[in-house]
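A short worksheet on the structure shown next.
The values are calculated or read from the model by the stated rules, or taken from the named source; none is laboratory data. Because the structure is predicted, anything quoted here is derived from the model rather than measured. Here the Cβ positions follow ideal geometry from the backbone for every residue, glycine too, while neighbour counts run over all protein chains shown.
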Amino acid sequence: MAGARAASQKNCERRKRVQFLLPEPRKKPTLGQMIFDREKGTFLGRTPKTWAQFMVFYVIFYAFLASLFWICIQVLLDGISMTEPKLQLERSLIGANPGLTVRPQLIHVEGPMVIAIDSKNPSNNDNWIELIDDFLNAYDNTTVDRKNCEFGDIHRPSDVCLVDMESFEGCSKANSYGYKTNEPCVFIKLNRIFGWKPETYDMPLEEMPEDLQAHINETIYEERKQIWLSCKASLVEALDQGHNKDNFDNISYSHGRGFPAYYYPYLNQPGYLSPLIPVQFKSLPQGQVLDVECRAWAKNIIYKAAPGDRMGSVAFQIIVN
């Protein structure tokens, strides 16, 4: 019994010592103390000294980030020109071989474009006329100062040469571009490539069409600085699937057969317009498909007629219903 009592007294004393060593529970601060504690001299949990250290650190940190960002932007801008691309000609994605484009052109057309002419109801051809009108609006803009360039003139890089639409004759707006008379016109232009200069043929080549050779020979020598254009066409019965083809030669080039070299190089001049060659197809038979391929001739234009990898040329079809 005496031993049990002694053990009980020891346990009581031990509990008292443990209770004495345990800290008192911490009092929760009020909202006012969390904002400003007078005893500790803190504002939002920080003393003025720690607040100063905190602010100095983040001012230096964000100043460093801003400086790093500014340096990166300056390096980037130093490598970018607002007037010319950094990568040009062979170094660029589009390369140094300009292609040909035909207008009018429908949007989102896969494969060769087909120009369908309605001979019985000419008003159905108004959509082609409207497409050409929209395309030629920029060329009819008289607010831009353009120079009437001629062969033999001295041309400055900043010169913007005029495209004279008054010489389009049968391919003029007054003539509805031939779409009311079943003699449609198309407009061929060379795609722009910054800094590209043509290397022209001053003499005809044997592989050129005979009519183009004759045209070059009839052109005075000083006016042969042109990128020549030839179009070949063949007629196919609509249901024949191209097995029997007949050559079609009734093609008119009222504005000439070449893009004059004085329009080049393209240097992003304000108001610059690519030269145009209107091509008119006359006396088209009804119910037949006209397969047309137009090709540009210059020493530095590579020609390839593969449908999926066409270079230096453009292909399209015309059908009179």
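Applying a threshold of 6 Å to beta carbon distances and a minimum spacing of six or more residues, or different chains, the list of pairs starting in the stretch 208-223 at a residue that is part of a loop (DSSP other than H, G, I, E, B) and ending at one that is crowded, with 17+ Cβ neighbours inside 10 Å and small (Gly, Ala, Ser) reads Pro209/Ser230. Looking only at the stretch 151-188, which residues are surrounded by 20 or more Cβ atoms within 10 Å (Cβ to Cβ) and either touching a Lys or Arg at 6+ places or on another chain (Cβ under 7 Å) or among the acidic types (Asp, Glu) (or both)? Cys161, Glu183, Val186, Phe187, listed by residue number. Among Lys120, Lys197, Lys173, which is of a type outside the set (S, T, N, Q), more than 16 Å from Pro275 (Cα to Cα) and touching a helix residue (DSSP H, G or I) at 6+ places or on another chain (Cβ under 9 Å)? The unique qualifying residue is Lys173. Just to be sure before I move on: is Arg224 of a type in the set (D, E, K, R), within 24 Å of Tyr177 (Cβ to Cβ) and modelled with pLDDT of 90 or more in the structure I sent? No, not satisfied.
Criterion applied to Leu235, Leu276, Leu205, Leu212 was being closer than 29 Å to Ala138 by Cβ, over 24 Å from the mean Cα position of the chain (by Cα) and among the aliphatic types (A, V, I, L, M), and the one residue passing it is Leu212.
The set of residues in the stretch 112-140 being free of Cβ contacts under 8 Å to residues at least 24 places away in the same chain and not acidic (Asp, Glu) consists of Asn121, Ser123, Asn124, Asn127, Asn137.
With respect to (1) closer than 30 Å to Thr143 by Cα; (2) free of Cβ contacts under 8 Å to residues at least 24 places away in the same chain; (3) in a strand (DSSP E or B), the lone exception for Glu166 is condition (3).
When the residues of the stretch 170-207 are filtered to those that are charged (D, E, K, R) and free of Cβ contacts under 8 Å to residues at least 12 places away in the same chain, which remaining residue is farthest from Ile129 (Cα to Cα)? Among them, the one singled out is Glu206.
With respect to (1) within 30 Å of Ser158 (Cβ to Cβ); (2) among the aromatic types (Phe, Trp, Tyr); (3) over 23 Å from the mean Cα position of the chain (by Cα), the lone exception for Tyr266 is condition (3).
Of all the residues in the stretch 280-321, those that are of a type in the set (Asp, Glu) and more than 23 Å from Ile132 (Cα to Cα) number 1. If you go through the stretch 298-321 and keep only what is touching a residue at least 12 places away in the same chain (Cβ under 8 Å), exposed (fewer than 14 other Cβ atoms within 10 Å of the Cβ) and among the small types (Gly, Ala, Ser), you end up with just Ala305. Assessment of the stretch 267-288 against the conditions (at positive phi, modelled with pLDDT under 90 and surrounded by 17 or more Cβ atoms within 10 Å (Cβ to Cβ)) yields no matching residue. Residues that are assigned to a helix (DSSP H, G or I) and over 18 Å from Pro265 (Cα atoms) within the stretch 69-100 comprise Phe69, Trp70, Ile71, Cys72, Ile73, Gln74, Val75, Leu76, Leu77, Asp78, listed in sequence order.
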